[in-house]
Structures are given as structure tokens and as C-alpha cells.
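The values are calculated or read from the model by the stated rules, or taken from the named source; none is laboratory data. What you see is a predicted model, and the numbers here were worked out from it, not measured in a lab. Backbone-built Cβ (ideal geometry, glycine too); neighbour counts: all protein chains shown. To get the accessible areas, we keep the full protein, side chains included, count just its heavy atoms, and leave off ligands, DNA and RNA. Shrake-Rupley method; radii C 1.70, N 1.55, O 1.52, S 1.80 Å.
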Amino acid sequence: MTRPELRRQLQALARCHPGAHPYTLALRFQAQTGRILSGQQVKQLLAEPANHSIHAAKS
């Protein structure tokens, strides 16, 4: 799973559960996909700008 795809899935999950704590979103994501993320990773992914992967590829 690519980083932008992961971010899109987390954003969709966050929209379904507005105001949910990142740790709670991480647990919901794990239940849906089986992939383990920490609350900190979720927080970082959701905070990234939409074009983060484009800038990272140019660096």
C-alpha cells in the first residue's frame, strides 16, 4: 500500500468518525485492514499536505 493510498483511506475513516482520536482511528483502521499503525503515525499521515508524495519524489 502506497503512502498516498494509506493517507486517503485514513482521511475517509476520519470523515466517517469526526473528532475521533488518532489512536481510535488507528484501531478502526487495523480492524478494517489488518494493518497496524500507531496513533502517532495516523496523526502524521492526516497532517501531511495532499501533495507530500510529489515533493518527496522530487527531492
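Taking region 1-25, which residues are free of Cβ contacts under 8 Å to residues at least 40 places away in the same chain and open to solvent by 90 Å² or more (accessible area, probe 1.4 Å)? Those that are free of Cβ contacts under 8 Å to residues at least 40 places away in the same chain and open to solvent by 90 Å² or more (accessible area, probe 1.4 Å): M1, R8, R15, C16, P18, H21, Y23. Of all the residues in region 1-33, those that are closer than 19 Å to P49 by Cα, over 11 Å from the mean Cα position of the chain (by Cα) and among the aliphatic types (A, V, I, L, M) number 1.
Scanning region 37-55 for residues that are open to solvent by 60 Å² or more (accessible area, probe 1.4 Å) and either assigned to a helix (DSSP H, G or I) or at pLDDT 95 or above (or both) gives Q40, Q41, K43, Q44, A47, H52, I54, H55.
The lone criterion from (1) in contact with a Leu (Cβ under 9 Å, 6 or more places away or on another chain); (2) at pLDDT 95 or above; (3) open to solvent by less than 60 Å² (accessible area, probe 1.4 Å) left unmet by R28 is number (3).
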